[in-house]
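The values are calculated or read from the model by the stated rules, or taken from the named source; none is laboratory data. Since the structure is predicted, the reported quantities are computational estimates derived from the model, not experimental observations. All accessible areas refer to the heavy atoms of the entire protein, side chains included, with ligands and DNA or RNA removed. Shrake-Rupley method; radii C 1.70, N 1.55, O 1.52, S 1.80 Å.
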Amino acid sequence: MKHYQQLISMYGAAPINEFYHPTLTIDEGVSEVVIELQPKHLHSAGSAHGSVYFKLLDDAAFFAANSLETEVFVVTTSFTTYITRPVSQGKMRAVGKVVNANKSQFIVEAVVYDDQDREVGRGNGLFVRSKNRLVDAKGYSN
(Lines give C-alpha, C1' and ligand atoms only; values in the text may rest on other atoms or scores of the structure.)
Protein backbone atom coordinates (compact mmCIF):
# COMPACT_ATOMS: atom_id res chain seq x y z
CA MET A 1 0.00 0.00 0.00
CA LYS A 2 1.29 3.45 -0.89
CA HIS A 3 0.64 4.79 2.63
CA TYR A 4 2.89 2.10 4.13
CA GLN A 5 5.68 2.90 1.67
CA GLN A 6 5.37 6.60 2.48
CA LEU A 7 5.58 5.83 6.21
CA ILE A 8 8.72 3.75 5.58
CA SER A 9 10.19 6.65 3.58
CA MET A 10 9.33 9.07 6.41
CA TYR A 11 11.03 6.77 8.91
CA GLY A 12 14.17 6.66 6.79
CA ALA A 13 14.22 10.47 6.64
CA ALA A 14 14.18 10.87 10.45
CA PRO A 15 17.58 12.19 11.60
CA ILE A 16 17.57 9.98 14.75
CA ASN A 17 17.75 6.90 12.54
CA GLU A 18 21.25 7.85 11.40
CA PHE A 19 22.36 6.62 14.84
CA TYR A 20 20.37 3.36 15.05
CA HIS A 21 20.06 2.39 11.32
CA PRO A 22 16.77 0.51 11.78
CA THR A 23 14.70 -1.20 9.10
CA LEU A 24 10.90 -1.10 9.06
CA THR A 25 8.10 -3.17 7.57
CA ILE A 26 4.41 -2.33 7.89
CA ASP A 27 1.09 -4.05 7.38
CA GLU A 28 -2.39 -3.11 8.56
CA GLY A 29 -2.22 -2.49 12.31
CA VAL A 30 1.18 -4.21 12.57
CA SER A 31 4.80 -3.20 12.09
CA GLU A 32 8.26 -4.63 12.62
CA VAL A 33 11.47 -2.74 13.36
CA VAL A 34 14.94 -4.33 13.32
CA ILE A 35 18.21 -2.91 14.63
CA GLU A 36 21.60 -4.60 14.23
CA LEU A 37 23.46 -3.93 17.47
CA GLN A 38 26.70 -1.99 17.15
CA PRO A 39 29.24 -1.18 19.89
CA LYS A 40 27.81 2.37 20.04
CA HIS A 41 24.44 0.90 21.22
CA LEU A 42 25.94 -0.80 24.30
CA HIS A 43 26.24 0.47 27.86
CA SER A 44 29.45 0.12 29.92
CA ALA A 45 28.63 -3.45 30.97
CA GLY A 46 28.43 -4.53 27.32
CA SER A 47 24.68 -4.99 26.77
CA ALA A 48 22.20 -3.01 24.72
CA HIS A 49 21.34 0.32 26.35
CA GLY A 50 17.71 0.74 27.38
CA SER A 51 17.31 3.37 24.67
CA VAL A 52 17.62 0.61 22.06
CA TYR A 53 14.77 -1.36 23.64
CA PHE A 54 12.60 1.74 23.92
CA LYS A 55 13.39 2.85 20.36
CA LEU A 56 12.43 -0.54 18.97
CA LEU A 57 9.25 -0.89 21.02
CA ASP A 58 8.00 2.68 20.58
CA ASP A 59 8.75 2.76 16.86
CA ALA A 60 7.08 -0.61 16.21
CA ALA A 61 4.02 0.50 18.17
CA PHE A 62 3.95 3.95 16.55
CA PHE A 63 3.99 2.60 12.99
CA ALA A 64 1.40 -0.06 13.79
CA ALA A 65 -0.88 2.80 14.91
CA ASN A 66 0.00 5.16 12.05
CA SER A 67 -0.64 2.37 9.53
CA LEU A 68 -4.33 2.86 10.39
CA GLU A 69 -4.22 6.68 10.20
CA THR A 70 -3.66 8.06 6.70
CA GLU A 71 -4.09 11.81 7.25
CA VAL A 72 -2.13 12.88 10.33
CA PHE A 73 0.95 11.94 12.33
CA VAL A 74 0.13 10.04 15.53
CA VAL A 75 2.06 10.85 18.70
CA THR A 76 2.99 8.79 21.73
CA THR A 77 1.23 10.04 24.86
CA SER A 78 2.45 7.28 27.15
CA PHE A 79 4.61 4.20 26.81
CA THR A 80 5.55 1.56 29.37
CA THR A 81 8.70 -0.49 28.71
CA TYR A 82 9.77 -3.75 30.32
CA ILE A 83 13.30 -5.06 29.70
CA THR A 84 13.37 -8.76 30.52
CA ARG A 85 16.68 -10.02 29.14
CA PRO A 86 20.01 -8.42 28.22
CA VAL A 87 21.25 -8.54 24.63
CA SER A 88 24.85 -7.82 23.67
CA GLN A 89 25.12 -8.71 20.00
CA GLY A 90 23.16 -9.51 16.87
CA LYS A 91 19.83 -8.19 15.71
CA MET A 92 16.98 -7.03 17.87
CA ARG A 93 13.48 -7.12 16.35
CA ALA A 94 10.29 -5.54 17.67
CA VAL A 95 6.77 -6.28 16.52
CA GLY A 96 4.00 -3.81 17.30
CA LYS A 97 0.27 -4.63 17.07
CA VAL A 98 -2.73 -2.38 17.53
CA VAL A 99 -5.01 -3.97 20.13
CA ASN A 100 -7.61 -1.21 20.28
CA ALA A 101 -8.41 1.73 18.03
CA ASN A 102 -11.18 4.27 18.31
CA LYS A 103 -11.71 7.82 17.12
CA SER A 104 -9.58 9.34 19.88
CA GLN A 105 -6.70 6.89 20.49
CA PHE A 106 -4.79 3.73 19.62
CA ILE A 107 -3.63 1.21 22.21
CA VAL A 108 -0.66 -0.77 20.93
CA GLU A 109 1.40 -3.63 22.34
CA ALA A 110 4.94 -4.43 21.22
CA VAL A 111 7.42 -7.21 21.91
CA VAL A 112 11.16 -7.15 21.22
CA TYR A 113 13.11 -10.32 20.39
CA ASP A 114 16.79 -11.19 20.11
CA ASP A 115 18.20 -12.93 17.04
CA GLN A 116 17.30 -16.32 18.56
CA ASP A 117 13.62 -15.23 18.72
CA ARG A 118 13.67 -15.06 22.52
CA GLU A 119 11.52 -12.33 24.02
CA VAL A 120 13.83 -9.75 25.60
CA GLY A 121 11.38 -6.94 26.30
CA ARG A 122 7.86 -5.71 25.85
CA GLY A 123 5.84 -2.58 26.13
CA ASN A 124 2.53 -0.92 25.49
CA GLY A 125 1.61 2.55 24.52
CA LEU A 126 -1.16 5.00 23.97
CA PHE A 127 -1.11 7.05 20.75
CA VAL A 128 -3.34 9.91 19.64
CA ARG A 129 -3.81 11.75 16.39
CA SER A 130 -1.88 15.02 16.18
CA LYS A 131 -2.68 18.06 14.07
CA ASN A 132 0.46 17.50 11.96
CA ARG A 133 -0.47 16.33 8.49
CA LEU A 134 1.50 13.37 7.19
CA VAL A 135 2.01 15.08 3.83
CA ASP A 136 3.97 17.76 5.68
CA ALA A 137 6.27 15.26 7.47
CA LYS A 138 9.83 14.96 6.19
CA GLY A 139 10.08 12.06 3.75
CA TYR A 140 6.37 11.13 3.66
CA SER A 141 5.46 12.64 0.31
CA ASN A 142 8.36 11.21 -1.70
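At a glance:
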{"item": "Rg and Dmax [Cα atoms of the chain; Å; Rg one decimal, Dmax integer]", "result": "14.6, 44"}
{"item": "Solvent exposure of the chain as accessible area per residue, Å², 1.4 Å probe", "result": "53"}
{"item": "Under-18-angstrom lysine pairs by C-alpha in the range 39-137, whenever the two are 8 or more apart or on separate chains", "result": "5"}
{"item": "With every protein chain in place, the chain: carbon and sulfur % of accessible area (1.4 Å)", "result": "50"}
{"item": "Eligible aspartates and glutamates near LYS138 by straight Cα distance, threshold 20 Å, same-chain separation 8 or greater", "result": "GLU18, ASP58, ASP59, GLU69, GLU71"}
{"item": "In Å², nearest 10: area of HIS49 left accessible to a 1.4 Å probe", "result": "90"}
{"item": "Spatial extent of the range 32-114: Rg and Dmax, with the Cα atoms as the point set, Å", "result": "13.8, 44"}
